[in-house]
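> Pasting a structure here, questions to come.
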Amino acid sequence: MSENVIRASSGAVYIALLIFCTLFSPITFHILFTVFMCLSIYEFSKMTNYKYYYLFAIGGILISVLFFISQLPPVNLIYIAFGCVVFNILLLFNLFNNKSFHKYHKTYSHLFLYITLPFILLLSIPNFIAPAKYEIVLAVFIMIWCNDTFAYLVGKSIGKHKLLERVSPKKTIEGFLGGIVFTILASLIISQFYTFFSVTLWIITAIVIALFGTLGDLVESKFKREAGVKDSGNIMPGHGGILDRLDSVIFVVPFLYVLFLIYFYYA
């Protein structure tokens with residue numbers, strides 16, 4: 001079987017699983033993303049040579065279960081959201097200042113702030129609308145896929161200026177801008193089907209996703225470069241690890257969460 005067929009097949013299974021579990025029921029939604037969280041913790045821990053990853057995985061599962069039972073209103077997670085945003089901004093400072101992420105490997109704070117807590121925020125995002133709209137999460141994934149795909153296509157076609165070559169040699173400024181444009185177009189299409197958000201909010205959401213999704217991919221690329229690995233894992237043939245698929249999602253969710261908090265509670 002050719003590599004392209006394997007890649008397409010594993011990608012199709014991933015997408016089908018994501019759509020089914022997100023839309024079928026709240027239970028399947030929580031189970032899927034709890035599994036994704038544990039796999040991400042495992043891959044990241046292995047990549048950073050942390051031996052006791054299972055402790056964080058167990059802690060993440062317990063938090064996820066407790067959250068599902070309690071179903072806290074989104075505003076109650078405001079401190080978690082802002083904590084994750086601050087941590088991500090610190091990662092960005094190190095990214096652009098060309099400083100090592102090694103100190104985060106020492107403290108292991110990344111396992112909760114970089115991986116576990118954003119998943120908890122992701123589980124809460126549907127609750128911004130009553131009754132809960134799990135389609136919001138699906139729309140976020142669609143826009144992230146759109147940004148990744150068109151950033152690659154535009155960059156490959158007309159890209160000449162490198163975005164951050166020392167971290168990700170293939171990313172270009174032209175591709176980055178192309179990703180933003182097409183993600184905004186995707187948000188306009190989504191707004192016609194999912195009217196529980198205003199068109200303006202969908203557009204702002206698209207811009208946040210395109211900007212911080214790209215930055216999240218660069219952060220993950222730097223983690224992998226410092227670890228000396230190409231992929232975070234091999235659970236998805238042709239795609240690498242689950243963290244390779246979710247790095248943009250994990251990084252962008254705290255910023256989206258703060259956006260929604262401001263829009264629904266403080267605007």
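The values are calculated or read from the model by the stated rules, or taken from the named source; none is laboratory data. Small disclaimer: the values here were computed from a predicted structure and weren't measured. Note: ideal-geometry Cβ built from the backbone for every residue, glycine included; neighbour counts use all protein chains shown.
> Return the total of residues in the range 151-188 being part of a helix (DSSP H, G or I) and either without any contact (Cβ under 8 Å) to a residue 60 or more places away in the chain or polar (S, T, N, Q) (or both).
23
Yes or no, residue by residue, for (1) closer than 13 Å to ALA151 by Cβ; (2) β-branched (Val, Ile, Thr); (3) surrounded by 15 or more Cβ atoms within 10 Å (Cβ to Cβ):
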residue	(1), (2), (3)
ILE180	yes, yes, yes
GLN192	no, no, no
PHE196	no, no, no
VAL199	no, yes, no
ILE204	no, yes, yes
PHE212	no, no, yes
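> Please determine, by comparing only the residues of the range 121-134 that are over 19 Å from ILE262 (Cβ atoms) and surrounded by 18 or more Cβ atoms within 10 Å (Cβ to Cβ), which one is nearest to the chain's Cα centre (by Cα).
Restricting to residues being over 19 Å from ILE262 (Cβ atoms) and surrounded by 18 or more Cβ atoms within 10 Å (Cβ to Cβ), the top hit is LEU123.
> Continuing with the same structure: Would you say PHE212 is touching a residue at least 12 places away in the same chain (Cβ under 8 Å), assigned to a helix (DSSP H, G or I) and in contact with a helix residue (DSSP H, G or I) (Cβ under 6 Å, 6 or more places away or on another chain)?
Yes: the conditions hold for PHE212.
> Continuing with this model, one more query. Can you name the number of the only condition in (1) over 19 Å from the mean Cα position of the chain (by Cα); (2) surrounded by 23 or more Cβ atoms within 10 Å (Cβ to Cβ); (3) among the acidic types (Asp, Glu) that ASP247 fails?
(1)
> Within the range 13-40, can you find the residues that are free of Cβ contacts under 8 Å to residues at least 60 places away in the same chain and more than 16 Å from ILE120 (Cβ to Cβ)?
VAL13, ILE15, ALA16, LEU17, PHE20, CYS21, PHE24, SER25, ILE27, THR28
> Find the helices (runs of 4 or more DSSP H) located wholly in the range 1-116 whose residues include 1 or more that are at pLDDT 85 or above, and list them.
Here the list reads 3-24, 26-47, 78-96.
> Give the residues of the range 226-265 that are in a helix (DSSP H, G or I) and either closer than 18 Å to MET47 by Cα or modelled with pLDDT under 75 (or both), sorted by residue number.
Across the range 226-265, the qualifying residues are GLU226, ALA227, ILE242, LEU243, ASP244, ARG245, LEU246, ASP247, SER248, ILE250, PHE251.
> Here is a follow-up. Any idea which of LEU185, LEU164 is modelled with pLDDT under 90 and under 22 Å from the mean Cα position of the chain (by Cα)?
LEU164 is the lone residue from the list that is modelled with pLDDT under 90 and under 22 Å from the mean Cα position of the chain (by Cα).
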